[in-house]
1. What list of ³J(HN,Hα) couplings, whole Hz, do you get for region 106-120 from phi and the Karplus terms 6.51, -1.76, 1.60, once you set θ to phi - 60° and write x for glycine and proline?
2. Which net charge results when you count Lys and Arg as +1 and Asp and Glu as -1 among the other residues whose beta-carbon is under 14 Å from that of Lys217?
3. With a point put 7 Å past each Cα toward its Cβ, work out how far Asp91 is from Arg43 in nm, to one decimal.
4. Can you pull the one-decimal nm distance between simple spin-label points at Glu71 and Lys13, each 7 Å off the Cα toward Cβ?
5. Give the residue list of chymotrypsin sites (Phe, Trp or Tyr not before Pro) in region 1-65 that are DSSP loop and have at most 15 other beta-carbon atoms within 10 angstrom.
6. All other residues with a Cβ under 15 Å from the Cβ of Asp191 taken together, and with Lys, Arg as +1 and Asp, Glu as -1, what is their net charge?
7. What does the charge count near Cys31 come to, summing +1 for each Lys or Arg and -1 for each Asp or Glu among other residues with Cβ under 12 Å from its Cβ?
8. Taking 25 Å as the cut-off for C-alpha to C-alpha distance, list the pairs among Lys151/Lys217; Lys181/Lys244; Lys209/Lys244 that go past it.
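Nothing in this text is a laboratory measurement; each read-out follows from the coordinates by a stated rule. Worth saying up front: this structure is predicted, and the values here are computed from it rather than measured. Cβ coordinates were reconstructed from backbone atoms using ideal geometry, including for glycine residues, and neighbour counts include every protein chain displayed.
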Amino acid sequence: GRTFEYIKVSTPKPGVGFIELNRPKALNALCTPLILELNSALRTFQSDTAVGAVVLTGSERAFAAGADIKEMKDLSFAQAYGNDFIESWSDLVTFLKKPLITAVNGYALGGGCELAMMGDIMYCGPKAVFGQPEIKLGVIPGAGGSQRLTKAIGKSRAMECILTGDNITAEQAGEWGLVAKVFEGPQECVDGALATAEKIASYSQIAAKACKEVVNKSQDLGIREGIEFERRVFHGLFGSQDQKIGMGAFAAKQKPEWTNE
Ligand code: CAA
């Protein structure tokens with residue numbers, strides 16, 4: 001595979017793609033080349049039929065301390081608007097159809113918090129720090145923070161965080177449901193994410209893809225349309241081989257051997 005400057009890419013467990021942000025000198029600040037590398041690695045995992053789920057993490061000190069402030073400080077409106085600055089980031093969520101788990105240790109600030117929230121499942125370690133400090137820089141969150149944080153923890157808490165720039169601790173993140181689990185240590189957090197990814201990857205990729213699609217729809221649709229959408233997708237799965245394999249194996253008291261078809 002290709003070698004990267006700002007990320008490390010591996011497949012440490014069966015079916016699991018693993019990406020570690022690796023720009024330690026800048027606390028994994030998300031400069032454009034890093035985002036392009038991340039997009040490229042995710043694209044490769046998306047098309048790799050052996051990969052069933054992906055884990056994204058940073059280092060013990062920082063998941064990512066935000067967009068690269070030094071890179072963007074001199075941008076003009078015309079450059080930001082004209083080049084759709086930050087839009088390439090949203091690619092991450094729209095093109096990755098496989099489940100993505102983000103494992104957060106240390107700082108997840110600004111764009112780092114927003115990137116973490118693009119994960120389908122978020123885990124964190126005990127020293128994780130979440131925040132949207134953009135107001136301190138004279139701006140606002142620009143990669144989905146105002147929308148995803150509000151959906152995740154509610155309006156009043158999100159307003160407080162975004163308007164004060166104050167951080168959210170791992171404990172609060174756990175209590176408020178921003179993350180699915182708070183682990184005892186940073187290594188436990190990454191290991192936990194890899195174990196969950198391995199479990200997901202052991203199922204039918206067709207079913208996992210459909211699970212992700214229907215849950216994500218709940219973020220955009222009202223309950224009625226959401227349930228109708230879910231039912232159509234559910235019905236559609238009776239056209240898959242893996243539905244016959246999964247239900248057949250249950251009835252025969254056997255272990256299913258998925259075909260991903
Ligand atoms: N962009 C560019 N460089 C960054 C950075 C960022 N977001 N965050 C940290 N760095 C760099 C620092 O400039 C420093 O580099 P030098 O050694 O060359 O000076 C290096 O990383 C280490 O950082 P500190 O010395 O500041 O480390 P610290 O432990 O004292 O503080 C910190 C850590 C509290 C995270 C602090 O670095 C900080 O406040 N960083 C900025 C956080 C922030 O404002 N993020 C939001 C960015 S805006 C954004 O993300 C917009 C958006 O919505 C997309």
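1. Computed from phi, the couplings for region 106-120 are x, 6, 10, 10, x, x, x, 5, 5, 5, 4, 6, 6, x, 6 Hz.
2. On the way: positive: Lys97, Lys151, Lys209, Lys212, Arg224, Arg231, Arg232; negative: Asp120, Glu213, Asp220, Glu225, Glu228, Glu230.
With Lys, Arg at +1 and Asp, Glu at -1, the neighbours total +1.
3. Reported label-point gap for Asp91 and Arg43 is 0.6 nm.
4. 3.0 nm
5. Working: sites: Phe4, Tyr6, Phe18, Phe45, Phe63; in loops: Phe4, Tyr6.
Counting only loop positions with at most 15 other Cβ atoms within 10 Å, none of the chymotrypsin sites (Phe, Trp or Tyr not before Pro) in region 1-65 qualifies.
6. Once positives and negatives cancel, what remains is -2.
7. Computed value for this residue: -1.
8. Listed pairs above 25 Å: Lys181/Lys244.
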